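The values are calculated or read from the model by the stated rules, or taken from the named source; none is laboratory data. As the structure is a prediction and not an experimental result, all values here were calculated from the model. FYI the Cβ positions are ideal-geometry reconstructions off the backbone, even for glycines, and counts take in every protein chain you see. These accessible areas exclude ligands, DNA and RNA; they are computed on the full protein's heavy atoms, side chains included. Shrake-Rupley method; radii C 1.70, N 1.55, O 1.52, S 1.80 Å.
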Amino acid sequence: MTQTEQADHLATPLRDAVYAITAGDYDAAVLLLSDPLWELLESNYWNASHPLPPHARQALDTYLHLAKTLWHRAGLGQPHPIVLYKTTLLSTKAIETALRVLARIYAGCNLGFCAPPPGFWRTVYALTGYIISERFPDRENREALTHQVLQVWLMAWLNPLSLAPGRLPVAVRLVGILCKTCSFTLVSPTHAGSGLAASDLLSDVPPMPFARVPTTWEPIAPLYINAQDAAFTMRELATPPSRHAPSDVYEALLQSALQVGLSAQEMQDFVRRAMREFGYTNARSIPRVGREDVVSTVVGFIECWSALQEQAKPITAPGTSASHHTHSAIVENHSDGGFLLRYELSEANLCVGTFLCLRGSVSEPWTIAAVRWLEDSNNVVLVGCEVICNFADARIAQTPDKSEHLPIISFLKNEASYVLCAFDPSKANSVSQLTVDSENWVVAVASEIGEDWQLSAVLDVTQLK
């Protein structure tokens, strides 16, 4: 059975169950949303390369089609684009079901690194505005529904971050914590630390982090998430107390991280990253320069190593073919620490953790970077890259017994030496040794692992006798 046939086979029972739903049967709709077959469908495209290969694209399209069909069959609204029926607003049960379907749609989009379907955010905002308005009659359930709709807003940061495998449960736990410490307001917060996200309720675009709201933003119906309490929660998570005074919030999140394979340091890095996105420290302190420059990029560790090697060689004769394949990209904007690239690709070769290098012309050195997030809109892929280093050397290392030759990339950063090499699961979690030229390098446990590479610090260098 091919991968495409397997995805279609998985979808058959879900499809039958979706079409069996009748309008107003909200209990059956909510029960169906918890079916594990949704997760099995997601696994066919979760963390795939981008643009999505055919079988992964079909799985994602099937997932979204079934979720939108469920939306329509349950009597909540039209699916193309997603539109809310006014009758849905007459029942608390209908609103709760609508929010659960929207959350399911958005979770699937997060895992596929794609934008939700047209009408999605307009529908979320319609529900938001109604729940917090004075016209909403069910005061008893207002708080629970507010938390539910806040979770959808807060999930918006998962998509641009495009979390690597294992990070999602921690992120979901964090969203659960934040939704209890946030509230909606019509008044703009006075500074980034008190604002989490903002949006125009009459638009169909996702909420933006408050710290990045443009100075010229003139929404027709603005709504802000006030996050002063959340900012203090984030600070507590990023600076956990000592063992003598444990924090329930921190310990709960740490346990979630440990269960999915993260270390305490990885979890803290994750929380700090969320803080940067949500403005506990003002993100405007990171200047982003807009530009539309064409750059050449090389994708994958071995390909980048070859590009760096050729750069160090004397200029070859005209017509000599390179040993690596380049892709053209447009730089949308850049900061000191990274680039936002736009690719128009025909083959699938990008995912979170992809290793790449880029330069503007052949006279410039290659900049080494890693993909941190991406968003796929068919064949156009937006890629957020973090710069690892601006100057690096491609070298050949040997194992101490000289039985293996390994391509490595070395560089200096803050007067410390680092080495990048191909991912080796047998060596990533232990200190190892490499022979480089006439030196013996003691290499630390991998501090970061990407798609096909690992980064380690060089602990010691000694001359071979």
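Being open to solvent by 50 Å² or more (accessible area, probe 1.4 Å) and small (Gly, Ala, Ser) is the filter here; which residues of the range 398-424 pass it?
Ser403, the sole residue that qualifies.
Might you check whether a residue that is in a strand (DSSP E or B), in contact (Cβ under 8 Å) with a residue 12 or more places away in the chain and acidic (Asp, Glu) occurs anywhere in the range 387-409?
Yes: one or more hits.
Please tell me if Arg100 is within 23 Å of Leu382 (Cβ to Cβ), at pLDDT 95 or above, out of contact with any Phe, Trp or Tyr (no Cβ under 8 Å at 6 or more places or on another chain) and in a helix (DSSP H, G or I).
no
I need the full set of residues from the range 267-315 which are small (Gly, Ala, Ser) and at pLDDT below 85, in order please.
Ala274, Gly279, Ala283, Ser285, Gly290, Ala312
Just name the residue that is modelled with the highest pLDDT out of those in the range 433-455 that are under 24 Å from Val352 (Cα atoms) and more than 23 Å from the chain's Cα centre (by Cα).
Ala444
Restricted to the range 174-196, and to residues that are hydrophobic (A, V, I, L, M, F, W, C) and in a strand (DSSP E or B), which residue is modelled with the highest pLDDT?
So, considering only residues that are hydrophobic (A, V, I, L, M, F, W, C) and in a strand (DSSP E or B), the one modelled with the highest pLDDT is Phe184.
Return the residue satisfying two criteria in turn: it lies in the range 19-50 and is of a type in the set (A, V, I, L, M, F, W, C) and more than 26 Å from Leu168 (Cα to Cα), and of such residues it is least open to solvent (accessible area, probe 1.4 Å).
Ile21
Considering only residues that are of a type in the set (Val, Ile, Thr) and touching a residue at least 12 places away in the same chain (Cβ under 8 Å), look in the range 212-226 and name the one that is most open to solvent (accessible area, probe 1.4 Å).
Ile220
Would you confirm, using the coordinates I've provided, whether Ala171 is open to solvent by less than 30 Å² (accessible area, probe 1.4 Å), assigned to a helix (DSSP H, G or I) and touching a residue at least 24 places away in the same chain (Cβ under 8 Å)?
yes
From the set of residues in the range 1-46 that are part of a loop (DSSP other than H, G, I, E, B) and free of Cβ contacts under 8 Å to residues at least 12 places away in the same chain, which is nearest to Arg104 (Cα to Cα)?
Ser34
Does Asp393 count as among the charged types (D, E, K, R) and over 23 Å from Glu448 (Cα atoms)?
No, not satisfied.
Listed here are the residues, each with its yes/no results for (1) without any contact (Cβ under 8 Å) to a residue 40 or more places away in the chain; (2) surrounded by fewer than 17 Cβ atoms within 10 Å (Cβ to Cβ); (3) touching a Phe, Trp or Tyr at 6+ places or on another chain (Cβ under 6 Å); (4) under 13 Å from Thr297 (Cβ atoms).
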{"site": "Phe339", "(1), (2), (3), (4)": "no, no, no, yes"}
{"site": "Leu345", "(1), (2), (3), (4)": "no, no, no, yes"}
{"site": "Cys351", "(1), (2), (3), (4)": "no, no, no, no"}
{"site": "Phe355", "(1), (2), (3), (4)": "no, no, yes, yes"}
{"site": "Gly360", "(1), (2), (3), (4)": "no, yes, no, yes"}
{"site": "Ile368", "(1), (2), (3), (4)": "no, no, no, yes"}
{"site": "Asp376", "(1), (2), (3), (4)": "no, no, yes, no"}
